Amino acid sequence: MNTSINRVIKLVGLFAMISLFVSACGSDGKNSPKDNGMGEFLPVEKAFMFKASRLDANTINAHWDIAEGYHLYKDKFEFALANGNYQISGIDMPKGKMIEDKVFGNKESYEGRIDVKISVKEMKPSPKTGMLTITTGYQGCSEKGLCYPPQSIQTEINLTGS
């Protein structure tokens, strides 16, 4: 009789572990496309893939590919130039989508992809004319509740195109 009870206890424990595993993977037993396939959150550089590039001699394009299930906040973007040879003369941000965020409340945000056009003007010529370093700040969250700390990336860009 004792061995029968031990078998039942082991089966119940095994069933509980399998149930926990299935629920961690998603209600359909498959890994959620919103995470890294292991039930964990994506690293920030994969959740929000960033690239800055020259559009023309006076415009920089800041581009993000945002992973499914993640979003960036419009009011958390910051742009600054590192040297005094150039100045930001305008920032063109597209309209975002209003969401009710668990952490920050009602916010305008972006999902999927975003392109921000940053207009710059040269203030004084320098030996490295055309070269500038832009510092880009942003912050986003996962729909599952993880909010990443504010991020800051420096990118050197040659506005002369050569």
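Read-outs: derived from the displayed coordinates by stated rules, not from any lab. These numbers were taken from a predicted model, which means no experiment stands behind them. Quick reminder, even Gly has a Cβ in these numbers, built from the backbone with ideal geometry, and neighbours come from all protein chains shown.
So which residues in the range 72-115 are under 16 Å from P150 (Cβ atoms), of a type outside the set (K, R) and in contact (Cβ under 8 Å) with a residue 40 or more places away in the chain?
Those that are under 16 Å from P150 (Cβ atoms), of a type outside the set (K, R) and in contact (Cβ under 8 Å) with a residue 40 or more places away in the chain: L72, Y73, F77, E78, F79, A80, D101, V103, F104, Y110.
Identify, by number, the condition in (1) outside any strand (DSSP E or B); (2) in contact with a Phe, Trp or Tyr (Cβ under 6 Å, 6 or more places away or on another chain) that K124 doesn't meet.
Tallying (1) outside any strand (DSSP E or B); (2) in contact with a Phe, Trp or Tyr (Cβ under 6 Å, 6 or more places away or on another chain), K124 fails exactly one: (2).
Run down Q154, Q139, Q87 and say which single residue is closer than 18 Å to E45 by Cβ and surrounded by fewer than 16 Cβ atoms within 10 Å (Cβ to Cβ).
Answer to the check: Q154.
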